[in-house]
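Chemist: Let me begin by handing over the structure; questions about it come next.
Only the coordinates and a few stated rules stand behind these numbers; no lab work does. These numbers come from a predicted model, not from an experiment. Here Cβ is always computed from backbone atoms with ideal geometry, including for glycine, and neighbour counts include all displayed protein chains.
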């Protein structure tokens with residue numbers, strides 16, 4: 001795995017002067033997916049209407065197309081506004097199995113500069129309990145740096 005500081009530096013350099021949300025999401029998803037071994041799916045689910053997420057830019061196999069706020073790990077992150085770090089997705093009530101191989105997951109709320117929830121960043125791993133507190137701290141800070149300025 002590349003050091004998070006290196007990954008962040010590359011993402012911030014690539015997004016210099018870019019304010020298109022979809023372009024930023026595509027860049028972040030591609031960079032994280034390619035740079036971190038063990039990230040088996042990386043993508044965004046965008047808030048498209050109240051209480052509803054739809055798939056955005058992603059890397060990896062097919063994802064679920066639509067996720068209501070009251071379903072799954074992504075819905076929980078959107079509904080509560082808090083990062084969801086799940087060591088065992090099979091033990092998460094209402095987990096949506098978009099890929100049968102997923103064992104653990106982290107979902108980070110994404111807010112714009114006004115503080116509005118615009119999406120969630122969803123990362124899956126085929127390894128149980130893959131995500132640690134340092135992953136969460138990095139990803140939360142990265143989402144703020146990338147999307148908090150638009």
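Chemist: Based on the Cβ-Cβ distance of residue 82 and residue 129, what FRET efficiency does E = 1/(1 + (r/R0)^6) give at R0 = 30 Å, to the nearest 0.05?
Modeler: Values: r = 19 Å, r/R0 = 0.63.
Here the calculated transfer efficiency is 0.95.
Chemist: What 222 nm value per residue comes from the helices of the chain, counting each DSSP H run with n ≥ 4 as -39,500 (n - 2.57) and dividing by all residues, nearest 500 deg cm²/dmol?
Modeler: On the way: 4 runs with 50 residues, N = 150.
Value at 222 nm, helices only, nearest 500: -10500 deg cm²/dmol.
Chemist: With r as the distance between the Cβ atoms of residue 54 and residue 18 and R0 = 30 Å, compute the FRET efficiency 1/(1 + (r/R0)^6) and round to 0.05.
Modeler: Numbers: r = 22 Å, r/R0 = 0.72.
E between residue 18 and residue 54, to the nearest 0.05, is 0.85.
Chemist: Counting only Cα atoms, I'd like the Rg/Rh figure for region 37-101, Kirkwood definition for Rh.
Modeler: Numbers: Rg = 11.5 Å, Rh = 12.3 Å.
Here the Rg-to-Rh quotient is 0.93.
Chemist: Give the label of the value calculated from the structure for Cα extents along the principal axes in Å, choosing from [x] 40, 36, 25; [y] 54, 37, 26; [z] 53, 45, 22.
Modeler: The value matching this structure is [x].
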